[in-house]
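Below: the structure, in structure tokens.
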Amino acid sequence: MSADWFIADPHFGHKNILKYENRPFVDIEHMDNIIIENYNRTISEGDTVYWLGDMFFCKSDRMEYIAKRLSKGRNILIRGNHDKGVTDGKFLKLGFKPYRMMSYYNAILTHEPISEVNMSYLETEGIRFNIHGHVHSRIDALDQSKYQCVSVENTDYSPISIDEIINRFRVNRKKLSRKE
């Protein structure tokens, strides 16, 4: 049976992300390999993986090498702010179908979190949740009962299932209701 998985901000090939986010890797080769190994251990044929932006910080030949190693599943990319230098055609050749944002049942998939004002509007249209990346480990300012950041720092450098995301929303809604 196929499953849906989510991951954001791998920053493949990005040396400075190790420092910016205090990632626990020796170097970018180590980081890239761990994220790829976690992906391949988690994803099965027929699964869909939603990559919520900021894929690559490397040259084209390195992108191709990494993409070939991410061989399982159907890869959907929600473009991030650091994905601007790669054309849609290039992403398609690499095996990623690119979008700017996408609705997913009663959620909106984006790279950057949707503003509270826009979320309020989207709620009138039946969108209750925002699954996103971009903020990495800086999630404290976001209402975790509406927003879930799937940047790799929040997912143990591995894709997480929609079931885990739903559980996170539920847990945070319960915490919120206890505070009120």
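Points worth noting:
- Extension gain for Asn33 to Ser115 (0.36 nm times residue separation, less C-alpha to C-alpha distance): 26.1 nm.
- Ligands, DNA and RNA left out, the 1.4 Å accessible surface of the stretch 77-180 is 51% carbon and sulfur atoms.
- Stretching the chain fully between Arg62 and Ser2 yields a gain of 18.7 nm (0.36 nm per residue, less the alpha carbon separation).
- Sulfur and carbon atoms: percent of accessible area, the stretch 1-63 [1.4 Å]: 52
- GNM top mover of Thr155, Thr124, Thr110 - the chain, alpha-carbon springs below 10 Å: Thr124
- Antiparallel bridge percentage (DSSP; both residues within the chain; nearest 5): 20
- In a reduced charge model with +1 at each Lys and Arg Cβ and -1 at each Asp and Glu Cβ, the stretch 1-76 shows a dipole moment near 120 debye about its Cα centre.
- The charge dipole of the chain, taken about the Cα centre with unit charges on the Cβ atoms of Lys, Arg (+1) and Asp, Glu (-1), comes to about 80 debye, rounded to the nearest 20.
- Candidate residues His30, His11: accessible-area rank, largest first, probe 1.4 Å: His30, His11
- Radius 11 Å from Cβ of Lys90, net charge of other residues (Lys, Arg +1; Asp, Glu -1): -2
- Gaussian network model of the chain, springs between alpha carbon atoms under 10 Å - residue of Ile76, Ile127, Ile108 with greatest fluctuation: Ile127
- Extension gain for the segment Lys174 to Ser103, taken as residue separation times 0.36 nm less the Cα-Cα distance, is 23.1 nm to one decimal.
- Taking all protein chains into account, the per residue accessible area for the chain stands at 53 Å² (1.4 Å probe).
- Here the stretch 17-75 and the stretch 105-180 have alpha carbon centers that stand 22 Å from each other.
- GNM flexibility winner over the chain from Gly13, Gly46, Gly80 (Cα, springs under 10 Å): Gly46
- Where trypsin sites (Lys or Arg not before Pro) fall in DSSP loop in the stretch 96-162, at most 13 other Cβ within 10 Å: Arg100, Arg138
- Rg and Dmax [Cα atoms of the stretch 34-180; Å; Rg one decimal, Dmax integer]: 15.8, 53
- Near Ala3, once Lys and Arg are set to +1 and Asp and Glu to -1 for all other residues with Cβ below 10 Å from its Cβ, the sum equals -3.
The values are calculated or read from the model by the stated rules, or taken from the named source; none is laboratory data. As the structure is a prediction and not an experimental result, all values here were calculated from the model. Cβ sites come from the backbone with ideal geometry, for glycine too, and all protein chains shown count toward neighbours. Calculation scope for accessible area: heavy atoms of the full protein, side chains included, ligands and nucleic acids excluded. Shrake-Rupley method; radii C 1.70, N 1.55, O 1.52, S 1.80 Å.
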